[in-house]
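Peer 1: Have a look at this one.
The values are calculated or read from the model by the stated rules, or taken from the named source; none is laboratory data. Note that the structure is a prediction, hence the values are computed from the model and not measured. When we count neighbours, we look across all protein chains shown, and the Cβ atoms used for this are built from the backbone with ideal geometry, even at glycine.
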Amino acid sequence: MSVCRNTRSITRLWVRKMGFKEQVALDNLAVFVNPEEFGELHDLDGIMVLCVLDEDAFIDRANDYEEGVFRNRMVLYVNLSELGYVPEYDQMIVVNGSPYMVRLVKNEMGMLTVTLEGNQT
C-alpha cells in the first residue's frame with residue numbers, strides 16, 4: 001500500500017505529542033494563512049508574501065477623513081517567518097503598490113498583526 005509523503009509527515013506530527021506553541025504555529029501555517037483558506041499573495045515592499053489583509057476591520061469608524069483625503073486603514077496578518085522582520089511604528093510599508101504607515105504591531109506567537117493606515121485622495 002502506497003502512502004503519500006505528506007500524509008506520512010502529518011501522521012508523524014499527530015503521533016508525536018505537540019505542545020501548545022507547536023500546535024499554534026502549525027495552525028498559523030496550515031489554516032490561517034493557507035492559500036486554500038484565507039491566505040493570499042500580496043506585494044509587501046516589492047516582495048510577494050503569503051498573508052491576510054483585512055480591510056473591513058475599521059469599516060464602522062466615522063470621521064476618518066479630512067477635506068479631500070480619506071484615511072484607508074487595514075490589518076495585515078502575516079507569519080513572522082514569512083515577513084522576516086517585525087515592522088515598527090511609523091515605518092512605511094508599500095502594500096500592493098500603495099504606501100501605508102504602521103500604526104500598531106502585535107506579535108502573537110509568531111503571527112504578526114499589523115495595523116496600517118494610508119491616505120487616499
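Peer 1: Just one of (1) modelled with pLDDT of 85 or more; (2) surrounded by 10 or more Cβ atoms within 10 Å (Cβ to Cβ) trips up residue 13, so point out which.
Peer 2: With respect to (1) modelled with pLDDT of 85 or more; (2) surrounded by 10 or more Cβ atoms within 10 Å (Cβ to Cβ), residue 13 is out only on (1).
Peer 1: Follow-up. It is to be established whether one or more residues within region 108-115 are over 17 Å from residue 46 (Cβ atoms), of a type in the set (Ser, Thr, Tyr) and touching a residue at least 24 places away in the same chain (Cβ under 8 Å).
Peer 2: yes
Peer 1: I've got another one for you. On the basis of being at pLDDT below 95, exposed (fewer than 12 other Cβ atoms within 10 Å of the Cβ) and within 25 Å of residue 20 (Cβ to Cβ), does residue 39 make the cut?
Peer 2: Against the criterion (at pLDDT below 95, exposed (fewer than 12 other Cβ atoms within 10 Å of the Cβ) and within 25 Å of residue 20 (Cβ to Cβ)), residue 39 does not qualify.
Peer 1: Which ones in region 48-72 are surrounded by 15 or more Cβ atoms within 10 Å (Cβ to Cβ), at pLDDT 65 or above and either part of a loop (DSSP other than H, G, I, E, B) or touching a Leu at 6+ places or on another chain (Cβ under 7 Å) (or both)?
Peer 2: 49, 50, 51, 53
Peer 1: May I pose another question? What do you reckon, is residue 109 among the aliphatic types (A, V, I, L, M), modelled with pLDDT under 90 and closer than 30 Å to residue 22 by Cα?
Peer 2: Considered against the rule, which asks whether it is among the aliphatic types (A, V, I, L, M), modelled with pLDDT under 90 and closer than 30 Å to residue 22 by Cα, residue 109 comes out as yes.
Peer 1: While we're on this one: Scan region 79-101 and report the pairs whose first residue is more than 12 Å from residue 47 (Cβ to Cβ) and whose second residue is among the hydroxyl-bearing types (Ser, Thr, Tyr) and surrounded by 15 or more Cβ atoms within 10 Å (Cβ to Cβ), with Cβ atoms within less than 9 Å and a gap of 6+ or a chain change.
Peer 2: 92/100
Peer 1: In region 103-121, which residues are crowded, with 18+ Cβ neighbours inside 10 Å and β-branched (Val, Ile, Thr)?
Peer 2: 114, 115
Peer 1: Which condition number does residue 45 fail, the rest of (1) of a type outside the set (A, V, I, L, M); (2) modelled with pLDDT under 90; (3) out of contact with any Ser or Thr (no Cβ under 9 Å at 6 or more places or on another chain) being met?
Peer 2: (2)
Peer 1: Another one. Which count do you get for residues in region 78-98 that are acidic (Asp, Glu) and exposed (fewer than 12 other Cβ atoms within 10 Å of the Cβ)?
Peer 2: Looking only at that region, the number is 2.
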